[in-house]
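In what follows, a structure is listed as structure tokens, so that the remarks can point back to it.
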Amino acid sequence: MYRSNGSPEYRVSHGSEFDSVEFESLKPSGDPKVDRVKALLYKANKPKGAVIFVHGTGQRNFEPLKYYPEHLAESGYVTMMPVLPYHFERTPDGSKSGTSFIRGTDVQLAKRFDQAVVDLFSCIDYLEKLGFKKVNIIGFSFGGMVSTITMALDRRIEKGVFVVSGGNYEYITWKSIATKVLRVSYEENKACTPRECEKKHKFFDEAIQKFNSIEDLAKMPPCFTYDPSLFARFIPPRKTLFFTAIFDPFIPRASSDDLWERLGKPKRYMMPSGHLGAHLFFKHFILKKTIDFFENKEE
């Protein structure tokens, strides 16, 4: 899990606003639509560095979130914005964008997270081919979860910014509005219950302490293997910037706090908004603080 062999063959189409980079996933699901990766590449004049921007789950958030790579490029950062598996044009026929990450068994979710993380490794490989030995990463919502795992495992990532994200799937599964479908699926299939989940998570802290290599994931419950809180201790707090929405119904406050605390309580901004309102009302603030952080100007 979370290993990639080799590097894919990249196909690049040049455009006026951005280039389109496509390649085949190194962790194929078996569905050709899901396995054809596409990423937007925003170039910069006299680049200062490179950034991977990772979108959240859902059906309508890709276009609005282009705001960040567009403005990061204007500020001198070459920015790559990949489409995550099971989202947008990578959505399987008959499904809705993003639902595969809130539906299914924990074993299925583990495989989907595995593919998402390895796809980000391939994006970093591409930026390395362009000459960037170090990159930064920004993860928004669900993208922050995938980004946390990726940053913990790939030393080429210098700094990470996690916006309205969280960890600890006990909170995410049973307390979030967004995961109602997952709860229903678990209960219908008798795969998990709140009580069973609570019992399992009594050993979560112990699993974190014993987690020292990827091989250790095979000894854990599948739901632990894609929990960003499991990976957080491998990321130095000085390399992280965190944004929490105070009135977030999708990422419960306990989940946001859990990831932030396990990251070592890095610099955090509390935004008086809901989940979606964080971007609507604070995008300029998030962008400015992010650039300041990248350029070591953060207070």
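Within the stretch 11-28, the set of residues being surrounded by 19 or more Cβ atoms within 10 Å (Cβ to Cβ) and under 20 Å from the mean Cα position of the chain (by Cα) comprises Val21, Phe23, Ser25, Leu26, Lys27. Asp119 passes all but one of (1) acidic (Asp, Glu); (2) in a helix (DSSP H, G or I); (3) under 16 Å from the mean Cα position of the chain (by Cα); (4) surrounded by fewer than 24 Cβ atoms within 10 Å (Cβ to Cβ); which number fails? Of the numbered conditions (1) acidic (Asp, Glu); (2) in a helix (DSSP H, G or I); (3) under 16 Å from the mean Cα position of the chain (by Cα); (4) surrounded by fewer than 24 Cβ atoms within 10 Å (Cβ to Cβ), the odd one out for Asp119 is (4). In the set (1) touching a Phe, Trp or Tyr at 6+ places or on another chain (Cβ under 8 Å); (2) farther than 17 Å from Arg268 by Cβ, the condition left unmet by Val163 is number (2). Give the number of residues within the stretch 245-265 that are closer than 21 Å to Asn136 by Cβ, surrounded by fewer than 19 Cβ atoms within 10 Å (Cβ to Cβ) and not charged (D, E, K, R). The qualifying residues number 1. Within the set Gly58, Gly104, the sole residue that is modelled with pLDDT under 95, over 23 Å from Gly160 (Cα atoms) and not aliphatic (A, V, I, L, M) turns out to be Gly104. Of the residues making up the stretch 62-92, those that are in contact (Cβ under 8 Å) with a residue 60 or more places away in the chain and in a loop (DSSP other than H, G, I, E, B) are Ser75, Leu84, Pro85, Pro92. Against the conditions (1) touching a residue at least 60 places away in the same chain (Cβ under 8 Å); (2) over 30 Å from Phe211 (Cβ atoms), Lys96 satisfies every one except (1). Selection over the stretch 228-253 of residues that are small (Gly, Ala, Ser) and farther than 26 Å from Asp216 by Cα gives a count of 1. Taken over the stretch 100-116, the criterion of being under 14 Å from Asp31 (Cβ atoms) and over 13 Å from the mean Cα position of the chain (by Cα) is satisfied by Ser100, Gly104, Gln108, Lys111. For Phe242, are the conditions met, namely being crowded, with 22+ Cβ neighbours inside 10 Å and touching a helix residue (DSSP H, G or I) at 6+ places or on another chain (Cβ under 7 Å)? It is true that Phe242 is crowded, with 22+ Cβ neighbours inside 10 Å and touching a helix residue (DSSP H, G or I) at 6+ places or on another chain (Cβ under 7 Å). Checked against the criterion of being under 28 Å from Gly76 (Cα atoms), in a loop (DSSP other than H, G, I, E, B), touching a Leu at 6+ places or on another chain (Cβ under 9 Å) and at pLDDT 95 or above, the stretch 260-283 contains one or more residues that satisfy it. I'd like to know if the stretch 35-42 contains one or more residues that are surrounded by fewer than 11 Cβ atoms within 10 Å (Cβ to Cβ) and at pLDDT 95 or above. No, the stretch 35-42 has no match at all.
When the stretch 227-244 is filtered for residues that are among the aliphatic types (A, V, I, L, M) and assigned to a helix (DSSP H, G or I), the ones remaining, listed by number, are Leu230, Ala232.
In this structure, Ser95 does not satisfy being buried (at least 22 other Cβ atoms within 10 Å of the Cβ) and not in a strand (DSSP E or B).
Every test in (1) over 16 Å from the mean Cα position of the chain (by Cα); (2) buried (at least 18 other Cβ atoms within 10 Å of the Cβ) is passed by Ile235 save one, and that test is (1).
If the condition is being free of Cβ contacts under 8 Å to residues at least 24 places away in the same chain and more than 16 Å from Val161 (Cα to Cα), then the stretch 249-299 contributes Arg253, Leu276, Leu280, Phe281. The single condition among (1) in a loop (DSSP other than H, G, I, E, B); (2) surrounded by fewer than 24 Cβ atoms within 10 Å (Cβ to Cβ) that Ala110 does not meet is (1).
The values are calculated or read from the model by the stated rules, or taken from the named source; none is laboratory data. The structure presented is a predicted model; accordingly, all values stated were derived computationally and were not measured. Glycine gets a Cβ as well: all are built from the backbone with ideal geometry, and neighbour counts include every protein chain shown.
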